[in-house]
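To start, the structure under review is shown below, and the notes come after it.
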Amino acid sequence: MIAPSAILGIARKSLRTNKMRSLLTALGIIIGVAAVVAMFAIGTGANKKVAEHISSMGSNLLIVRSGSTTSGGQRMGMGATPSLTFADAEAIQKECPAVALADPSASGAVQVVYGNMNWSTRSEGTNGGLLAIQEWPLGAGRNFTDSDIRSSAKVCILGQTVVTNLFGDEDPVGKTIRVKKVPVTVVGVLKKKGNNAMGQDQDDTLLLPITTAQKRIYGSRFQGRVNMIRVKAASEAEIAAASEQITALLNQRHRIRTAEDADFSVMNLTEIMEAAKASTQALSLLLAAVASISLLVGGIGIMNIMLVSVTERTREIGIRMAVGAKTADILFQFLAEAIILSLLGGILGIALGAGASVLISRYAGWSAVISPFSIILAFGFSAAIGIFFGYYPASKAAKLDPIEALRYE
Amino acid sequence: MALIELRDIRKIYDLGEVRVEALRGVSLSMEKGEFVAVMGPSGSGKSTLMNILGCLDVPSSGSYLLDGRDVSNMGKDDLAQVRGQFIGFVFQGFNLLSRTSALENVELPLLYMGVPRQERAKRALDALRLVGLEGREHHEPKQLSGGQQQRVAIARALVGGAPLILADEPTGNLDTKTSDEIMDLFENLNRTKGITIILVTHEPDVARYSRRVVTVRDGLIVSDEPMEKRTEIEKEGECA
């Protein structure tokens, strides 16, 4: 057998001589590898997005929701009358040692006007705890104070999108805007947060003291009652403990005897997110499986074209044999061609897959993360495919009879 | 020692029902430096004989000593090695690699002999110069005339330093003038380089360049005589 470098040279030359055929052969691998890389990127991106979603909602988050209430033996529907009160939130924060913060929450759509600008946005009532719970720092101004809450002060904090739409470049802090015709002073501006997992603009928001929101803006029927309390556990280890303490406390406060009668529920967000993560992982596995099939089909394509190419080049093989090429020389020449093609296809496929991932994340709004693992996997896989599917045509070429091959028309 | 020593060569093709005896006991001896024409009608076993002489095939029985070594029972890879080392082929249809320069075509045998790149190019250029194709080394076969392509093939046969050239109807695709040029080249190589040439042809005009004519019919050698005897008058003076 001749030197590997010489064989590589022959194979490279042969591929270069037949550029179109080489490209078509590699196409299957290019698409297969691109699919693997892109699918992996999307899968990894989905996982990362879920993880980001967890942290954007706030770490160690628990949500207490009001359930059905019983009124005079009659059970009302879920959330018909909010069963949670501001006092409940206060009690949770003060009396549950595993709880760091508790924030009663109410929300509603509002029209806001400043000068001749107006904007429709989502508003949310808070006791000021929301910023800490969602780990959302202020860009300027201040948070709500206890006295703001107690006095239902006409103040608000704006998200960046609202600032842009109402104020442009102007500094909003200290300005008065009208929220549903009620004049409210801007005391703070939130830092930019970006989109959430659902693609919603989280910066398109306006925060109000919960008391102000209910009394002055929403005109709620159930003053002092809310459907939701956000709770931040003191630490990740204390999430379960916090959940138990809240349940015990509310059972006592709402005079609940059996779990069935509970007019509230405590949700542990981390658990929900774990489940979501597991499902996105299953999704990315599925995507990878589909992509692997296309890689397999690409490999069969290489074998197919290599087989045709061996037949087409029978005379060339005969000439090489006549001038002294041995079985191994021919075998390795064709094998080298197949491997070069699939590696080349692998590299182009990685580039294409990476490009597709970038486009998908830019235009479809999905997040796609290209992991080095997927690149190594795709590259290794394409090399393996080259060897596996190149071997049969190569051995067929090597076994040709020189006389027959020379006579082949 | 003779360069080629065939003893009672038989070749039988077993085609299932039918057994075809292509060679039925051929014995032949050739010295180094001979120029032999092998003639015979198609189906005479001429091609089979050439395949065996060219180490592309092995006989069913009998022995073939090439430069003293028995090649009649060699395996595929050993035969390939012997071909690379001892035999240069020139075919009717040129059999050059298409879309490959003349230089690279000529380098081909050296590639499989494991000659390093620099030396390959140098030796291939020398061979091309020898056949009168200097300056055409980067032309591809389709850019060359038939005669030029055959010269490339001859250069390829020469480049490995093989002592034997097997030319199978080398002028079959060429016009008379070009044929003469190619045959002159063979004759010159035979005379100046001492290269043994075995020429298969059915054209007496072409066979005339040789100095010995072997005629094959029905798998047997029916005549084996010097050229002078056959064409005493015409060839006189030309044939040294």
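Some observations on this one:
- Residue within the stretch B:85-94 that is more than 10 Å from chain A (Cβ to nearest Cβ), farther than 21 Å from residue B:126 by Cβ, within 18 Å of the chain's Cα centre (by Cα) and not hydroxyl-bearing (Ser, Thr, Tyr) present: yes
- Check on residue B:170, within 13 Å of chain A (Cβ to nearest Cβ), open to solvent by less than 30 Å² (accessible area, probe 1.4 Å) and under 19 Å from residue A:319 (Cα atoms): no
This table checks each residue for (1) closer than 28 Å to residue B:150 by Cβ; (2) among the β-branched types (Val, Ile, Thr); (3) within 14 Å of chain A (Cβ to nearest Cβ).
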site: B:6; (1), (2), (3): yes, no, no
site: B:13; (1), (2), (3): no, no, yes
site: B:46; (1), (2), (3): yes, no, yes
site: B:52; (1), (2), (3): yes, yes, yes
site: B:58; (1), (2), (3): no, yes, yes
site: B:73; (1), (2), (3): no, no, no
site: B:78; (1), (2), (3): no, no, yes
site: B:100; (1), (2), (3): yes, yes, yes
site: B:108; (1), (2), (3): yes, no, yes
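- Residue count for the stretch B:149-208, restricted to those that are assigned to a helix (DSSP H, G or I) and among the acidic types (Asp, Glu): 5
- Leading residue by the ranking (nearest to the other protein chains (Cβ to nearest Cβ)) among those in the stretch A:298-324 that are of a type in the set (Gly, Ala, Ser) and in contact (Cβ under 8 Å) with a residue 60 or more places away in the chain: A:322
- If you go through the stretch B:124-141 and keep only what is within 14 Å of chain A (Cβ to nearest Cβ) and outside any loop (DSSP other than H, G, I, E, B), you end up with B:124, B:127, B:141.
- Residues of the stretch A:177-234 that are among the hydroxyl-bearing types (Ser, Thr, Tyr) and closer than 15 Å to residue A:159 by Cα: A:185, A:205.
- The strands (runs of 3 or more DSSP E) located wholly in the stretch A:140-257 that include 3 or more residues which are in contact (Cβ under 8 Å) with a residue 24 or more places away in the chain and either in the same structural domain as residue A:48 (by TED's automatic domain parsing) or surrounded by fewer than 19 Cβ atoms within 10 Å (Cβ to Cβ) (or both) occupy A:182-190.
- Some residue of the stretch A:56-75 being at pLDDT below 85 and assigned to a helix (DSSP H, G or I): yes
- Residue within the stretch A:94-106 that is more than 32 Å from the chain's Cα centre (by Cα) and modelled with pLDDT under 80 present: no
For every residue, the table says whether it meets (1) within 15 Å of residue B:4 (Cα to Cα); (2) crowded, with 17+ Cβ neighbours inside 10 Å; (3) among the small types (Gly, Ala, Ser).
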| position | (1), (2), (3) |
| --- | --- |
| B:35 | yes, yes, no |
| B:42 | no, no, yes |
| B:58 | yes, yes, no |
| B:77 | no, no, no |
| B:90 | no, yes, no |
| B:94 | no, yes, no |
| B:110 | no, yes, no |
| B:121 | no, yes, yes |
| B:126 | no, no, no |
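- Qualifying residue in the stretch B:143-163 (condition: within 10 Å of another protein chain (Cβ to nearest Cβ), buried (at least 24 other Cβ atoms within 10 Å of the Cβ) and of a type in the set (S, T, N, Q)): no
- Checked against the criterion of being within 14 Å of another protein chain (Cβ to nearest Cβ), open to solvent by 10 Å² or more (accessible area, probe 1.4 Å) and either within 30 Å of residue B:51 (Cα to Cα) or within 38 Å of the chain's Cα centre (by Cα) (or both), the candidates A:373, A:389, A:332, A:381 yield just one match: A:332.
- Any chance residue A:340 is within 12 Å of chain B (Cβ to nearest Cβ) and closer than 13 Å to residue A:14 by Cβ: no
- Taken as a whole, the structure leaves residue B:13 outside the set of residues that are hydroxyl-bearing (Ser, Thr, Tyr), closer than 28 Å to residue A:325 by Cβ and buried (at least 17 other Cβ atoms within 10 Å of the Cβ).
- Set A:234, A:291, A:240: member being at pLDDT below 85 and more than 14 Å from chain B (Cβ to nearest Cβ): A:291
- Search result, residues across the stretch A:18-64 that are basic (Lys, Arg) and away from chain B (no Cβ under 14 Å): A:48, A:49
- Criterion violated by residue A:279 - all others in (1) open to solvent by less than 60 Å² (accessible area, probe 1.4 Å); (2) over 17 Å from residue A:396 (Cβ atoms) satisfied: (1)
The values are calculated or read from the model by the stated rules, or taken from the named source; none is laboratory data. In this text the structure is predicted, and so the values were computed from the model without any measurement. Neighbour counts are summed over all protein chains in view; Cβ atoms, including those assigned to glycine, are modelled from backbone coordinates with ideal geometry. SASA here: full protein model, heavy atoms, side chains in, ligands and nucleic acids out. Shrake-Rupley method; radii C 1.70, N 1.55, O 1.52, S 1.80 Å.
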